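Undergrad: Sharing a structure below in structure tokens format, with a few things to ask.
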Amino acid sequence: MHLLVLRPKGIAPLEPEASHFTSRVQLDVAPVMQPRLRQSIEIQSTVPSPSQRSMSSAISLEGVRTASGKPYPSLEPKHPNCYPRTVNATMQKLQEVFCDLFEDDDIVVSRNTGAADVDGWDSLMHVTLMLEVERAFGVRFSSGEVADLVDVGQLVDLVESKVSG
Amino acid sequence: MDRVDQLLSYIEEKHPRLIGSVREAEQVDPIWFRRVTNQLLEWSAGVVDGDGIQVVADGYAQFNSDVNWAQGRYEVDGEYENKSYAEVYESHYNQKETMEAYLWGVCFANVLRPHHVELGVHWEMRFLSRLQNEPEIIEIAPGHGAWGLLALDHVPGSRLRGFDISETSVATSRAMAHAAGLSDRTSYEVRDALDLERLAPQSADAVICSFVLEHLEQPEKIFAATRHLLRPDGVAFITGGLESAQVDHIYEFHRESELVVMAESQGCRVLETASFHPSRNLRNARFLPRSMTLIVCPSNET
């Protein structure tokens, strides 16, 4: 399943029924891999029983319809920038490395993130970053591989190729 | 926009991880930085094919990345990657394309690295200022040729002979001299830097040998050659890298005193030393990369 970041902006309960609970929820939605594509949408959901369901970080959008009444689009990856679960795990680990190294929990990395997007990502910090990535994933990079990296997307690909290779 | 601004703009756009340290280099001594960087850009433009700024900037970016990565590996492994000249010759010096880009990287590291700007200012103030009366200069392993040419440009009437084991280096130095309009005051020859004691003794008023020691298995021979070549009142400028990993660095110096003792052991008197290091280093580093300069003359001690 494609991972989404769901940030409730407001919940408006509608009419509770005997066996169903309908609510309209406004959400900020963004693919984890592309946080810059975050947009606000409104969805209306009818769930079987309010007492047995609660909002959680893991939300299934099965059966959920957008505010206009259309089914929510398929969450299966269709674009090269949408990656299978293993790469999401790689990105998640890289996210942790970035936050630890640059001492900033607010850093959100995406495939397009480059040196200009992260304060302090200079040529020297690049070396420290790559050594940390080596340690985190148990891989070893060559000088050429380190030099050629432009953005996080290339780093993900490189790590994945080393781990799977 | 002048050449230097074009270079900075190109680096900012194409190599954004580098621009911070390059701006820092400019701030060390803005006048020196702009004057010498412009000079090197002008000379190199007469040598490279196509867009000179792109070639030298890309070469420097590659060089800088390789050096930083080697330093990172050094921190992890605790020793330089290569131990012998033969290893480096096969993997590096014998690769023509690699060497050409490498030479531009080395050349522009002299102006684009902050602590090398400090070193460059020191070289002009403390060494070139000593050269007078149309001196005969010998440059050991000129590589790209810039150090010797800067000396010629700075010291009226001076002449220079350069000896380098690399044909690529000799060709580059000759081309740089031509572009600088200094061909008539220079001659370059392919010759092993360790074979210079076959040259006539006491034939130079000055010797320049920049960042060669750490590339050699027996760096003491550079001081011996310097002692052999210098006239009694001659003076030499010799630099070396300490705890500075690079793919072609094989001799590890850890203390400044090691170079002083080595110079003295080969019959040189050390007149001045200075050591420069980057303002920032790798996080939690145990090694501190430094660039050391020695100004030496022949010792009268027997």
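Undergrad: With just the Cα atoms defining each centre, how far is region B:82-119 from region B:1-20? Give it in Å.
TA: Taking the Cα centre of each part, region B:82-119 and region B:1-20 sit 21 Å apart.
Undergrad: For B:I165, enumerate residues with amide H under 5 Å from its amide H, sequence gap 5+ or separate chain, H modeled in the peptide plane.
TA: Here B:R191, B:A193 satisfy the definition.
Undergrad: For peptide B:61-72, how many partner chain Cβ atoms fall within 10 Å of a residue's Cβ, on average?
TA: Values: counts 2, 4, 1, 3, 9, 4, 3, 11, 12, 2, 2, 11.
Average per residue, whole number: 5.
Undergrad: Okay, moving on. Taking the Cβ of B:G20 as the centre, find all other residues whose Cβ is under 15 Å away and add up their charges (Lys, Arg: +1; Asp, Glu: -1).
TA: Overall, the nearby charge balance is -2.
Undergrad: While we're on this one: So, in nm, how far is label A:S164 from label B:A200 when the simple model puts each one 7 Å beyond its Cα toward the Cβ?
TA: It works out to 6.9 nm between the two label points.
Undergrad: Ratio of chain B's C-alpha Rg to 2.2 N^0.38 Å, to two decimals?
TA: Values: Rg = 18.1 Å, N = 302, 2.2 N^0.38 = 19.3 Å.
Normalised Rg, Cα atoms only: 0.94.
Undergrad: Output ³J(HN,Hα) for region B:139-152: one whole-Hz value per residue in order, computed from phi by the Karplus curve 6.51 cos²θ - 1.76 cosθ + 1.60 with θ = phi - 60°, and x for Gly and Pro.
TA: With coefficients 6.51, -1.76 and 1.60, one gets 10, 8, 6, x, x, 7, x, 5, 4, x, 5, 4, 5, 4 Hz.
Undergrad: Let me ask something additional. Which percent of Cα-Cα pairs in region B:3-112 sits in each 5 Å bin, short to long?
TA: With a bin width of 5 Å, the distribution comes to 2, 11, 19, 23, 18, 12, 10, 5, 0.
Undergrad: Continuing with this model, one more query. Rg to Rh ratio, region A:85-164, alpha-carbon atoms and Kirkwood radius?
TA: Details: Rg = 11.4 Å, Rh = 12.5 Å.
Reported Rg/Rh (Cα atoms, Kirkwood Rh): 0.91.
Undergrad: Counting other C-beta atoms within 10 Å, and keeping those with at most 15, which DSSP coil GluC sites (Glu not before Pro) do you find in region B:194-255? Please list the in-between numbers first.
TA: Details: sites: B:E197, B:E214, B:E217, B:E220, B:E243, B:E252; in loops: B:E217, B:E243, B:E252.
Passing both the DSSP loop test and the Cβ count: B:E217.
None of the figures in this text is laboratory data; all of them are computed from the coordinates on show. Treat the numbers as computed from the prediction; the structure is a model and nothing was measured. Positions of Cβ are backbone-derived with ideal geometry, glycine not excepted, and every protein chain shown enters the neighbour counts.
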